[in-house]
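Beneath this line is the structure, given in structure tokens, with notes to follow.
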Amino acid sequence: MDFNSVLDKRFSVRDFKEDCPTDDVIDKLLSVINKAPSAKNIQPYHVRVLKSKESLDKIRGITKSAYNAPIVLMLTAVTNDTWKNSYSGYDTGAIDCAILATYLMLEATNLGLDSVFVCWFNEEKIKEEFSIEGEQVVCLLPIGYRQDDVVPSESHFKKKDLNEIVIKC
């Protein structure tokens, strides 16, 4: 699929089939991890692949935003590894994870999978349940195949005019 087709096809899916992608498809999806840019190419993140019944039960018990997907990717920024701007102290860990999430969502679409970017969850509860220390839980990516009747939400098609967004200097 060409890049613009991937962009046009992708939308947030919040209702997944139980069918789990094969390990081969999951491996292809995860192969884009090393292609995503990060500040100074530090790659200061971990990607946890939640697909065991135990892991999925845990995450579904913490947030309804796992949407019963057969796989949930959890992206975390490793706090001590992130690049910090020496002028402002700004920490790029969340941005690096968001860029990675974008690569993963687009590759998921390219592979015929569906996804949704989720940041509505109780981070402390996730850290406790998954024994995570020294990391910021940035987002979850429920991944799988959408139910047959799922269509993009109305808001998916609402776009600002580029003149409202682009400032030419």
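So which residues in the range 59-91 are closer than 18 Å to Glu18 by Cβ and in contact with a strand residue (DSSP E or B) (Cβ under 8 Å, 6 or more places away or on another chain), if there are any at all?
Ile59, Ser65, Ala66, Tyr67, Asn68, Ala69, Pro70, Ile71, Val72, Leu73
Which one is farthest from Arg146 (Cα to Cα), of the residues in the range 1-19 that are in a loop (DSSP other than H, G, I, E, B), modelled with pLDDT of 95 or more and hydrophobic (A, V, I, L, M, F, W, C)?
This residue is Phe11.
Can you find even one residue in the range 40-54 that is in contact with a strand residue (DSSP E or B) (Cβ under 8 Å, 6 or more places away or on another chain), closer than 24 Å to Asn4 by Cβ, of a type in the set (A, V, I, L, M) and surrounded by fewer than 17 Cβ atoms within 10 Å (Cβ to Cβ)?
no
So, in the range 133-154, how many residues would count as being surrounded by 18 or more Cβ atoms within 10 Å (Cβ to Cβ) and not in a strand (DSSP E or B)? Before the answer, list the steps.
Taking the range 133-154 as the starting set, the residues that turn out to be surrounded by 18 or more Cβ atoms within 10 Å (Cβ to Cβ) are 135-146.
Add one more test, that the residue is not in a strand (DSSP E or B), and what stays is 145.
Qualifying residue count, the range 133-154: 1.
Just checking, which of Ile62, Ile71, Ile95 is more than 15 Å from the chain's Cα centre (by Cα) and β-branched (Val, Ile, Thr)? Spell out the reasoning first.
Values: Ile71 fails: more than 15 Å from the chain's Cα centre (by Cα); Ile95 fails: more than 15 Å from the chain's Cα centre (by Cα).
None of the others qualify; the one that does is Ile62.
Filter the range 21-39 for residues that are outside any helix (DSSP H, G or I) and either of a type in the set (A, V, I, L, M, F, W, C) or closer than 21 Å to Thr79 by Cα (or both) and give the result. If you could, list the steps in order and put the result at the bottom.
Our first condition is that a residue be outside any helix (DSSP H, G or I); within the range 21-39, this holds for 21-22, 36-38.
Answer for the range 21-39, where residues must be outside any helix (DSSP H, G or I) and either of a type in the set (A, V, I, L, M, F, W, C) or closer than 21 Å to Thr79 by Cα (or both): Ala36, Pro37, Ser38.
Select from the range 110-132 the residues that are touching an Asp or Glu at 6+ places or on another chain (Cβ under 9 Å) and crowded, with 19+ Cβ neighbours inside 10 Å and list them in ascending order.
Leu113
Would you check if Glu128 is at pLDDT 95 or above, touching a Leu at 6+ places or on another chain (Cβ under 9 Å) and among the acidic types (Asp, Glu)? Reasoning before the result, please.
Details: at pLDDT 95 or above: yes; touching a Leu at 6+ places or on another chain (Cβ under 9 Å): no; among the acidic types (Asp, Glu): yes.
It is false that Glu128 is at pLDDT 95 or above, touching a Leu at 6+ places or on another chain (Cβ under 9 Å) and among the acidic types (Asp, Glu).
Would you check if Leu106 is in contact with a strand residue (DSSP E or B) (Cβ under 7 Å, 6 or more places away or on another chain) and outside any loop (DSSP other than H, G, I, E, B)? Steps first, please.
On the way: in contact with a strand residue (DSSP E or B) (Cβ under 7 Å, 6 or more places away or on another chain): no; outside any loop (DSSP other than H, G, I, E, B): yes.
Against the criterion (in contact with a strand residue (DSSP E or B) (Cβ under 7 Å, 6 or more places away or on another chain) and outside any loop (DSSP other than H, G, I, E, B)), Leu106 does not qualify.
The values are calculated or read from the model by the stated rules, or taken from the named source; none is laboratory data. Just so it is clear, the model here is predicted, and its values are computed rather than measured. Cβ atoms come from the backbone with ideal geometry, glycine included; neighbour counts cover every protein chain shown.
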